[in-house]
1. I need the calculated FRET efficiency for the pair THR126 and ASP146, taking r as the beta carbon distance and R₀ as 25 Å, to the nearest 0.05.
2. So, R0 is 35 Å and r is the distance between the beta-carbons of ILE3 and ALA165; what FRET efficiency does that work out to, to 0.05?
3. Measure nothing but the geometry: give the 0 to 90° angle between the long axis through the Cα atoms of 114-123 and the longest principal axis through the Cα atoms of the chain, rounded to 10°.
4. Sort MET1, MET92, MET86 from largest to smallest accessible area, using a 1.4 Å probe on the heavy atoms of the protein chains.
5. Exceeding 27 Å between C-alpha atoms, which entries from my cross-link table qualify? They are LYS65/LYS145; LYS74/LYS142; LYS20/LYS74; LYS65/LYS176.
6. Taking just the alpha carbons, could you work out the radius of gyration and Dmax for the chain, both in angstroms?
7. Suppose R0 equals 35 Å. What FRET efficiency, 1/(1 + (r/R0)^6) with r the Cβ-Cβ distance, do GLN71 and LYS25 give to the nearest 0.05?
8. Provide Rg over Rh for segment 1-75; use the alpha carbon set for both Rg and the Kirkwood Rh (inverse mean inverse pair distance).
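The values are calculated or read from the model by the stated rules, or taken from the named source; none is laboratory data. A quick note: this is a predicted structure, and the numbers were derived from the prediction, not measured. We place every Cβ from the backbone using ideal geometry, glycine too, and count neighbours over all the protein chains shown. These area figures cover heavy atoms from the full protein model, side chains too; ligands, DNA and RNA do not enter into them. Shrake-Rupley method; radii C 1.70, N 1.55, O 1.52, S 1.80 Å.
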Amino acid sequence: MFIQTEATPNPATLKFLPGKVVLEKGTAEFRNGDEAAASPLALRLFAVPGVTGVYFGYDFITVTKSDAEWQHLKPAILGTIMEHFMSGQPIMGGGSAMAEALDEEGEFFDDEDETIVETIKELLETRVRPAVAQDGGDITFKGYKDGTVYLNMKGACSGCPSSTATLKHGVQNLLKHFVPEVQAVEAL
């Protein structure tokens with residue numbers, strides 16, 4: 001098994017591409033060992049000293065580190081991912097339904113804004129999320145109120161130094177262009 005790695009705009013996060021589907025549907029983010037209990041692979045990755053975050057996309061895994069150096073962490077992470085895939089264990093303990101439920105949970109917007117929200121979600125799905133996934137992260141819709149779109153940044157995007165620029169100059173400009181009602185974009 002050959003696992004590729006890619007740098008992300010966030011220097012504390014690396015993207016690992018195992019060449020296999022990681023999550024068939026949805027995404028999953030784990031910020032600590034307690035959250036990782038839902039995934040045998042996430043649990044294994046959190047057992048590597050220095051790992052502080054794990055994110056699963058369709059065909060990639062991003063791992064966020066604390067102060068440790070990648071040259072020391074990368075071999076342990078690669079070995080952990082390889083062992084897990086070779087073991088045949090599932091990625092998610094209770095299926096990926098839990099991850100999907102977490103993605104959809106807590107959306108807020110007024111009923112009269114439903115058409116605007118549908119357009120925003122379509123733009124995020126077709127133009128923003130594919131580009132952000134290339135960098136090992138994800139941006140999901142959380143809400144819309146009084147002209148402001150609220151988004152959740154995950155994976156490599158969470159805590160990334162360039163995420164503010166992505167959000168304000170990229171996503172906000174795109175949404176303002178196609179949806180005149182949008183005044184601002186904020187991260188939750």
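1. Efficiency, rounded to the nearest 0.05: 0.50.
2. Details: r = 30 Å, r/R0 = 0.84.
The calculated FRET efficiency here is 0.75.
3. 50 degrees
4. Reading off the accessible areas and sorting them downward yields MET86, MET1, MET92.
5. Among LYS65/LYS145; LYS74/LYS142; LYS20/LYS74; LYS65/LYS176, the Cα-Cα distance tops 27 Å for LYS65/LYS145; LYS74/LYS142; LYS65/LYS176.
6. When restricted to Cα atoms, the chain yields Rg and Dmax of 17.1, 53 Å.
7. Between GLN71 and LYS25 the formula returns 0.50.
8. 0.93
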